[in-house]
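Here the structure is laid out as structure tokens; the discussion comes afterwards.
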Amino acid sequence: MDGKHDLKSMDIKELGAFFQTLGAPSYKAKQVFAWLHRGVVSFDEMTDQSKAFRAILSEQAYISCPKIVRKLESKLDDTVKYLFELADGECVETVLMRYAYGDSVCISTQAGCRMGCGFCASTIGGLHRSLLPSEMLDQILAAMRDSGRKVSHVVLMGIGEPLDNYDNVVRFLHLLSCKGGLNMGLRHVSLSTCGLVDRIYRLMELKLQLTLSVSLHAPNDTIRSSIMPVNRKWGVETLLTACRDYINATGRRISFEYAMIDGVNDTPACAQELAERLRGMLCHVNLIPANPVKERSYQKSPAEKVERFRRILAGFGLTVTVRRTLGADIQASCGQLRQAAR
Ligand code: SAH
């Protein structure tokens, strides 16, 4: 922003090095880092810092802070959906959800998306830009600050393809888990990808404790390529091989997302084919009745087809759940609100 330094994208070490260039001692880094991750929106809130240092900081650096442009609260459950405006006017969506194990926040990683999945609202209009690490953190901090709720889990399942913004996402994960900040264990984090195989292998090398979710949505190339263009680059077999390698290298279970679209991917034959392909894998299958999107003609599979599909998978010994729909009354599936605001 105006050539100023983005403080919230730095870790304590980097803050320390930056402060030294300003002639300030590096021990201040820990204090400032704590303030930033407590969600302060101005330097004046850093009351243990001298006025002079705060003045230098505000000249040289900025604290990113999204504006809430819309906020929708579900009457059905405790889901809250935010539309945040970033410094350059781009908007992203963030959803706060209540589960038995605690509050979870679903964040966006890009403004728009270039993956082109046929059933998804986020990709209509393409990719505008990738988010900075600070802008991903901000969604959590702003949602906590506004709601007064404490977030125990984070899912990267909002707008955008996290692995298409690889470096910033990895830096964000590092900041999220830093002591002195939100200090979140990555076991409490899920990252969802449409299946960028080369990046899955890069992520694998980091051996992070997060849960990798893979948006599979079809058991074979014919169906998957017709709804997900990414499949024309990396087909189902290549993707599943990457998933098996990932599981072997990290010891972590993969979660497969399967949006059920009426008449497209929800037949018993599809269930059978899927089960055969996933058999023996350390995985979990999440069935999600597809959310209808105004601009698309797809319909969600009726409950009885979802149940039939679930039973077939379970019959093969797979762990499978039907995802509970939260915030159905507030367009809580990502991309819809941003799209409506354009
Ligand atoms: N780009 C990443 C993460 C963002 S989308 C990915 O593809 O995984 C989060 C999840 O919502 C993905 O599984 C995506 O396929 C799914 N999704 C998108 N539109 C949907 C819709 N209309 N109904 C149900 N799920 C949808």
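Here, each number is a calculation from the coordinates, and none is a lab measurement. Fair warning: this is a prediction, and the values are worked out from it, not measured in the lab. Note that each Cβ is placed from the backbone with ideal geometry, even for glycine, and that neighbours are counted across all protein chains shown.
Side notes on the structure shown:
- Pairs linking a residue in the stretch 77-91 that is touching a residue at least 24 places away in the same chain (Cβ under 8 Å) to a residue that is assigned to a loop (DSSP other than H, G, I, E, B) and polar (S, T, N, Q), with Cβ atoms under 9 Å and 6 or more positions apart or on different chains, are Val80/Ser74; Lys81/Ser74; Lys81/Gln331; Phe84/Ser108; Leu86/Ser64; Ala87/Ser64.
- Candidates Cys106, Cys113 - the one that is surrounded by 18 or more Cβ atoms within 10 Å (Cβ to Cβ) and farther than 27 Å from His37 by Cβ: Cys113
- Qualifying positions in the stretch 262-310 - closer than 21 Å to Thr193 by Cβ, within 11 Å of the ligand (Cβ to nearest atom) and polar (S, T, N, Q): Asn286, Asn291
- Selected residue (only one of Ala111, Ala61, Ala100, Ala87 is of a type outside the set (D, E, K, R) and under 27 Å from Ser225 (Cβ atoms)): Ala111
- Restricting Ser130, Ser42 to residues that are more than 16 Å from the ligand (Cβ to nearest atom) and among the small types (Gly, Ala, Ser) narrows the list to Ser42.
- Residue count for the stretch 124-152 under the criterion of being touching a Gly at 6+ places or on another chain (Cβ under 6 Å) and of a type in the set (Ser, Thr, Tyr): the result is 1.
- Matching entry among Leu240, Leu212 (being within 15 Å of the ligand (Cβ to nearest atom) and closer than 21 Å to Cys117 by Cβ): Leu212
- Considering residues of the stretch 133-156 that are crowded, with 17+ Cβ neighbours inside 10 Å and small (Gly, Ala, Ser) only, the residue nearest to the ligand (Cβ to nearest atom): Ala143
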